[in-house]
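Right, one structure below, let's go through it.
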Amino acid sequence: MADDDHEDQKEYRWETGYEKTWEAIKDDEDGMLDGAIAEIIQKAKRQRQAQKTKQNRLGMMRHMFLVLDCSESMSVPDLKPTRLRCTVKLLELFIEEFFDQNPISQLGIIALKAKRAEKVTELTGTSRVHLKALESLANVSLTSEPSLQNGLDLALKSLKVVPSHASREIVIIMGSLTTCDPVDINITIDELKKEGIRCSVISLSAEIHVARYLTQQTMGTFGAVLDDAHFRDQLMSQVDPPPAAKTQHNSLIRMGFPHTKNEVEGKDAPLSMCMCHIENLEEPSELTTTGHHCPQCNSKYCELPVECQSCGLTLVSAPHLARSYHHLFPVPNFEELPFEAMPASSSDLTSGVRECYACAKALGQSVDKVADKVVYRCGFCKQYFCVDCDIFIHDTLHACVGCNTIPGVDGLVYQQSSKPDQVDAHPGPSKQRAQFGM
């Protein structure tokens, strides 16, 4: 019965009813399509934010492997200049964004070449290592076809030893429609499901049944790209930490906050070598006086975060933990309202212009024949924002501009989020201080 219900689901475009999709695009008074296109872009920007769920356990310490197809199919020029070069360029942006939003996470890269899997980089929290490895992948020779199972097995061996409190993920970028595997790939899929490793697939060609089945069994996501912009959107959707798996355990993690030795007994710090480059032949360690010293064994490192090679202590800084903390308590979604619902303030009566509270952009005015049809209001400070500031606040800033700049509201309004009754009108500073006990 479950199989029959699954077959009845409409998963393909050609199985759905007849739709007049062109009616969604309408021209304006001048016969231009700019307004309709801008509206579609605004809806696309808001779609991912609206899909985010609240009150979820998230895997904050993430261990992710990027499995990249380097077969002959990656030489196809449908993504300019080729699939491989477009992928490498987008992966550079993804890696920088990944470590910016997940500073205490680790990443590794696996390449699928000639029916074999090759580990390009080990799991590490240093983005510089991955970016340098991607430069060499851009000029790799593309031959034969990939082996999805070999790539999954190689990632599985490394992720098996990761502690149970960490989130384990595999993101596969496939350009080929086929995979040449040594044995039944279902054995590997069952093992991934048993270990609780989340697998997601981004296909550059079309939907593949085995890839779709892999994501369904491991609670991952599947997407087939339309163009380079859609490819970037699919890739950036993997930046936010996923909900924690049921097999993921809670545990206390020891972390160290390194210190710097600028002076020792009134003298300059002595010259020493860092541990992170001591075995690196390409970039050998140099004698320097600066660096981050482990509080437990006093080993020196160039950059953070890193796991101490001597004592195994995870070394981080306070800003790293603060950036990870933002995912647990995201800014609540703003209310979407038509521009006509935005009330006029005292400044608007004199100037006749209604502005975005964050960027002071004039709302409702036509810029290149594209006007803001909707505005977004914060439920706490009751300030109005444009669509670009709304996305920036939720995806990058992680703090409402109005709530953190208006006296009496900054840092305290989120404590009232659980209360159902909220005052519609924004109270004055004296009332706010009385409300929050200031």
Long-range amide H partners of Arg116, meaning residues 5 or more apart or on another chain whose placed amide H is closer than 5 Å, are Ser147
So the carbon and sulfur contribution to the accessible area of the stretch 78-226, 1.4 Å probe, in percent, is 52
Here the stretch 300-311 yields Karplus 3J(HN,Hα) values (6.51, -1.76, 1.60; θ = phi - 60°; whole Hz; Gly and Pro given as x) of 9, 9, 7, 9, 10, x, 7, 9, 4, 6, 8, 10
Per the rule of 0.36 nm per residue minus the C-alpha distance, extending Ala133 to Asp100 adds in nm 10.0 nm
Using the Kirkwood formula on alpha carbons, the hydrodynamic radius of the stretch 254-341 in angstrom works out to 15.7
Magnitude of the Cβ-charge dipole (Lys and Arg +1, Asp and Glu -1) of the stretch 58-239 about the Cα centre, nearest 20 debye, reported as 320
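The values are calculated or read from the model by the stated rules, or taken from the named source; none is laboratory data. Nothing here was measured: the structure is a model prediction, and the numbers come from that model. For neighbour counting, all protein chains shown are included, and Cβ atoms are generated from backbone atoms with ideal geometry for every residue, glycine included. Heavy atoms of the whole protein, side chains included, go into the accessibility calculation; ligands, DNA and RNA do not. Shrake-Rupley method; radii C 1.70, N 1.55, O 1.52, S 1.80 Å.
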